[in-house]
Amino acid sequence: MQSTKSRRKVAPSAAESADSAEKLDQLLLSSAICNGEDVGPFVRKVFTSGKPDTLLQHLRHFARSKESEIEEVCKAHYQDFILAVDDLRSLLSDVDSLKSSLYDSNTKLQSVGLPLLSSLDAFVEARNVSRNVNLALESVRNCIRLMELCSRSNYHLSSSNFYMALKCVDTIESEFLDKTPSSTLKRMLEKKIPEIRWHIERKVSKEFGDWLVEIRVVSRNLGQLAIGQASSARQREEDLRIKQRQAEEQSRLSLRDCVYALEEEDEDGLGGGVGDDINGGSGFPGVDLTPLYRAYHIHQTLGLEDRFKQYYFENRKLQLTSDFQVSSMTPFLESHQTFFAQIAGFFIVEDRIVRTGGGLISKLEVENLWETAVSKMCSVLEDQFSRMQTANHLLLIKDYVSLLGVTLRRYGYLVDPLLDVLSKHRDKYHELLLSDCRKQIAEALSADKFDQMLMKKEYEYSMNVLSFQIQTSDIIPAFPYVAPFSSTVPDCCRIVRSFIEDSVSFMSYGGQLDFFEVVKKYLDRLLSEALDGALLKLINTSIHGVSQAMQVAANMAVMERACDFFFRHAAQLSGIPLRMVERGRRHFPLCKARDAAEEILSGLLKQKVDGFMTLIENVNWMADEPLPNGNEYVNEVIIYLETLVSTAQQILPPQVLKRVLQDVLSHISEKIVGALLGDAVKRFTVHAIMSIDVDVRVLESFADNQAPLLSDEEANQLKTALAELRQLINLLLSNHPENFLNPVIRERSYNTLDYRKVVAISEKLRDPSERLFGTFGSRGGRQNPKKKSLDALIKRLKDVN
């Protein structure tokens with residue numbers, strides 16, 4: 001080994017010589033081979049240079065150098081190799097003995113193992129058979145379960161239990177299709193499973209289609225029933241309000257005897273909505289959502305949920321669009337209930353489906369459908385209202401639309417646009433209502449016979465008097481009862497009351513809570529325009545006698561009380577406290593007709609009086625002595641006036657009678673003063689004036705005699721109608737007529753006299769002394785001092801003029 005190391009050190013010593021490139025290459029190649037490096041670069045280099053022989057030579061030289069080294073190594077270990085061979089020879093005998101032993105053992109093993117091997121072969125064969133049998137049994141069991149599932153699926157299909165049939169089919173597909181050993185059976189299943197699903201989808205779709213057809217009829221009935229419930233609830237509220245108004249009226253009339261309580265039982269159980277009775281509700285038989293939900297569930301199971309949702313929404317939208325169609329063959333008044341009930345039922349059903357359908361349709365989609373429906377209904381209402389010319393038709397449709405709003409508001413739908421349309425046509429409705437009432441009033445007035453109304457039974461009195469609160473006493477009269485008014489009064493009252501109720505009915509439930517001012521505005525128009533105008537026309541064209549005029553004036557007095565009732569009734573129906581109405585009491589809206597009635601009555605009475613006043617022509621104006629009992633004309637007038645009062649006090653209220661009598665007495669006063677002023681009277685004596693004074697006292701006595709009928713104050717007011725005549729007579733008979741020029745005395749005692757009339761009448765006064773001394777001059781003549789004062793008064797009045 002030392003010699004090997006010493007020889008390995010020779011090459012570097014040879015590499016130190018750089019005499020030639022050949023030795024250097026040989027040295028580098030030897031070094032690379034010794035170090036185990038790659039000799040590829042050397043090979044490429046010699047082939048590149050075209051000198052492969054040199055490389056071969058170097059390699060041979062290197063091999064020869066290594067052979068010598070090997071030989072030396074072998075010589076150095078020769079002894080060790082000999083010893084190793086000896087050891088191998090000694091082991092050879094042991095190996096032979098071991099071989100013999102192994103052969104014997106193998107022979108014994110073969111003799112023992114052959115039976116075991118045959119048993120093992122039999123066991124393996126039996127195990128394979130058992131495994132095949134188990135596989136066959138498992139296949140049979142799978143086939144049995146598969147057949148059971150197929151049989152169950154067929155049973156469910158025949159029973160229309162599609163969901164369970166689908167579950168069976170899904171189980172077959174997921175658990176048995178891949179495990180089916182029979183390729184024929186597997187192909188059959190792969191073919192039939194899609195067919196079964198398609199069959200179920202088709203059957204369910206058909207059921208759903210039938211449900212879509214049926215639900216339209218059911219929705220209409222459901223909408224009618226729901227709106228009917230709302231109508232019943234509203235009627236109960238109205239009945240409760242009527243009871244409350246009756247109790248309030250009783251309380252207002254008699255606080256001591258008024259103890260009352262309002263109770264209302266909810267017999268129909270309106271706590272739940274209509275939609276709560278769908279699917280088994282006792283109140284709504286026939287409303288069944290089961291086909292819809294089953295179809296939805298089946299499509300969910302089939303993985304077609306989104307498609308079914310879209311299909312359902314599109315079909316329901318088409319149905320709603322179809323519901324919007326208004327038949328041109330049927331009047332809308334006849335079809336409006338069906339039209340609105342169909343839409344109401346549609347959205348009641350949709351509300352139920354939103355709450356219980358498990359996401360079949362979203363609330364947003366229903367709201368979008370509702371917005372479309374509201375827009376269409378508003379358009380239909382606008383169009384139909386614009387064509388209607390009868391107030392009652394508008395009211396019927398408005399009532400039904402308001403009930404529709406109440407019904408659907410309970411389900412959370414916004415109905416404000418519908419109510420806005422109703423409010424928008426408020427003016428048109430009232431104009432049509434006013435027109436209808438004008439016709440009814442004209443018919444009622446034209447049928448009036450101007451006779452006092454006879455009531456034979458208490459119910460007639462209640463219907464014609466108490467119902468309008470036009471009675472003058474709370475005591476029920478004896479029957480038969482002759483009312484102070486004619487049949488026109490209750491007829492007109494009924495027309496006005498119907499107007500109020502129709503107006504309130506239209507304004508109620510229309511979204512506006514405080515509508516009394518609107519009702520009152522149109523009530524004012526009815527009274528002040530329609531009724532007042534019709535009465536004016538009647539008074540101006542149909543009154544031809546005192547009795548007729550007196551009856552109309554009596555009617556107007558009753559109508560004044562009725563107007564108070566009208567505004568109270570409107571307030572009660574509008575929910576306004578009566579104290580607010582009484583606090584803001586308005587003027588009498590029929591004042592024009594009332595004034596015209598009293599004026600025409602006064603005019604007719606004046607005509608009658610004028611007939612008696614013609615007797616004033618028979619007055620002896622140049623009488624030498626006064627008449628103790630007055631002139632003939634005044635006696636005739638008093639007889640007529642007393643007869644008139646005895647008749648008029650039966651029907652005319654005292655205030656009306658006072659105004660009429662005051663007007664008549666004023667007319668008599670004017671007639672007498674006019675006679676004194678007239679050309680027919682050239683001269684008159686003081687005795688004639690004294691007779692006129694007696695006439696005036698007779699008329700004043702008549703006025704005083706009315707105190708029991710009127711009052712002392714009103715009787716004194718009657719006497720003021722004779723103030724001008726009385727003051728003129730007092731002046732002519734006064735001993736100091738010059739006091740007329742005193743402003744204080746004139747204002748106190750002669751404030752109604754016109755000085756021009758005083759001058760004209762005074763100039764006609766003839767003094768009795770003139771009969772004896774009239775031809776003499778004034779100087780030294782005898783003249784009555786009163787006459788001198790009167791002449792002085794006349795002179796000064798002329799100077800003033």
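The values are calculated or read from the model by the stated rules, or taken from the named source; none is laboratory data. No experiment lies behind these values; they were computed from the predicted model shown. All Cβ positions, even for glycine, are placed from backbone atoms using ideal geometry, and neighbour counts span all protein chains on display. These area figures cover heavy atoms from the full protein model, side chains too; ligands, DNA and RNA do not enter into them. Shrake-Rupley method; radii C 1.70, N 1.55, O 1.52, S 1.80 Å.
What the table shows:
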read-out: Contacts under 7 angstrom Cβ, first residue in the stretch 412-429 being farther than 15 Å from Leu369 by Cα and open to solvent by less than 20 Å² (accessible area, probe 1.4 Å), partner among the small types (Gly, Ala, Ser) and not in a helix (DSSP H, G or I), 6 or more apart; value: Leu419/Gly510; Leu419/Gly511; Leu422/Gly510
read-out: Scope the stretch 134-150; condition open to solvent by less than 70 Å² (accessible area, probe 1.4 Å) and under 28 Å from Lys203 (Cα atoms); matching residues; value: Leu146, Leu149, Cys150
read-out: Filter pass, Leu466 being touching a residue at least 60 places away in the same chain (Cβ under 8 Å) and within 26 Å of Ala597 (Cα to Cα); value: no
read-out: Residue in the stretch 390-401 that is surrounded by fewer than 17 Cβ atoms within 10 Å (Cβ to Cβ) and under 17 Å from Glu529 (Cα atoms) present; value: no
read-out: Yes/no for Leu699 being more than 60 Å from the chain's Cα centre (by Cα), under 17 Å from Ile668 (Cα atoms) and free of Cβ contacts under 8 Å to residues at least 60 places away in the same chain; value: no
read-out: Meets criteria (surrounded by 14 or more Cβ atoms within 10 Å (Cβ to Cβ) and without any contact (Cβ under 8 Å) to a residue 24 or more places away in the chain) for Glu713; value: no
read-out: Single condition Glu599 does not satisfy, out of (1) within 30 Å of Ile638 (Cβ to Cβ); (2) modelled with pLDDT under 85; (3) not small (Gly, Ala, Ser); value: (2)
read-out: Residues of the stretch 348-364 that turn out to be in a helix (DSSP H, G or I) and touching a helix residue (DSSP H, G or I) at 6+ places or on another chain (Cβ under 6 Å), as a count; value: 7
read-out: Those residues of the stretch 404-434 which are among the aliphatic types (A, V, I, L, M), within 15 Å of Met377 (Cα to Cα) and part of a helix (DSSP H, G or I), in sequence order; value: Leu404, Leu408, Leu418, Leu419, Val421, Leu422
read-out: Yes/no for Thr330 being outside any helix (DSSP H, G or I) and farther than 27 Å from Glu305 by Cα; value: yes
read-out: Search result, residues across the stretch 444-461 that are open to solvent by less than 50 Å² (accessible area, probe 1.4 Å) and either part of a helix (DSSP H, G or I) or aromatic (Phe, Trp, Tyr) (or both); value: Ala444, Leu445, Phe450, Glu460, Tyr461
read-out: Residue within the stretch 296-317 that is assigned to a loop (DSSP other than H, G, I, E, B), open to solvent by less than 10 Å² (accessible area, probe 1.4 Å) and at pLDDT 80 or above present; value: no
read-out: Spans of helices (runs of 4 or more DSSP H) in the stretch 519-621 with at least 1 residues open to solvent by less than 10 Å² (accessible area, probe 1.4 Å); value: 532-542, 546-574, 591-613
read-out: Single residue of the stretch 102-125 satisfying the filter (of a type in the set (Gly, Ala, Ser) and either open to solvent by less than 60 Å² (accessible area, probe 1.4 Å) or in contact with a helix residue (DSSP H, G or I) (Cβ under 7 Å, 6 or more places away or on another chain) (or both)) that is farthest from Arg197 (Cα to Cα); value: Gly113
read-out: Hey, Pro653 open to solvent by 20 Å² or more (accessible area, probe 1.4 Å), under 60 Å from the mean Cα position of the chain (by Cα) and free of Cβ contacts under 8 Å to residues at least 24 places away in the same chain or not; value: no
read-out: Unique residue being under 25 Å from Met556 (Cα atoms), β-branched (Val, Ile, Thr) and in a helix (DSSP H, G or I) when the list is Ile470, Ile476, Ile397, Ile441; value: Ile441
read-out: From the options Phe81, Phe62, residue that is more than 60 Å from the chain's Cα centre (by Cα), among the aromatic types (Phe, Trp, Tyr), at pLDDT below 85 and open to solvent by less than 70 Å² (accessible area, probe 1.4 Å); value: Phe62
read-out: Leu466 out of contact with any strand residue (DSSP E or B) (no Cβ under 6 Å at 6 or more places or on another chain) and open to solvent by less than 50 Å² (accessible area, probe 1.4 Å); value: no
read-out: Qualifying positions in the stretch 728-767 - farther than 19 Å from Gly678 by Cβ and not in a helix (DSSP H, G or I); value: Ser734, Asn735, His736, Asn742, Tyr750, Asn751, Thr752, Asp767
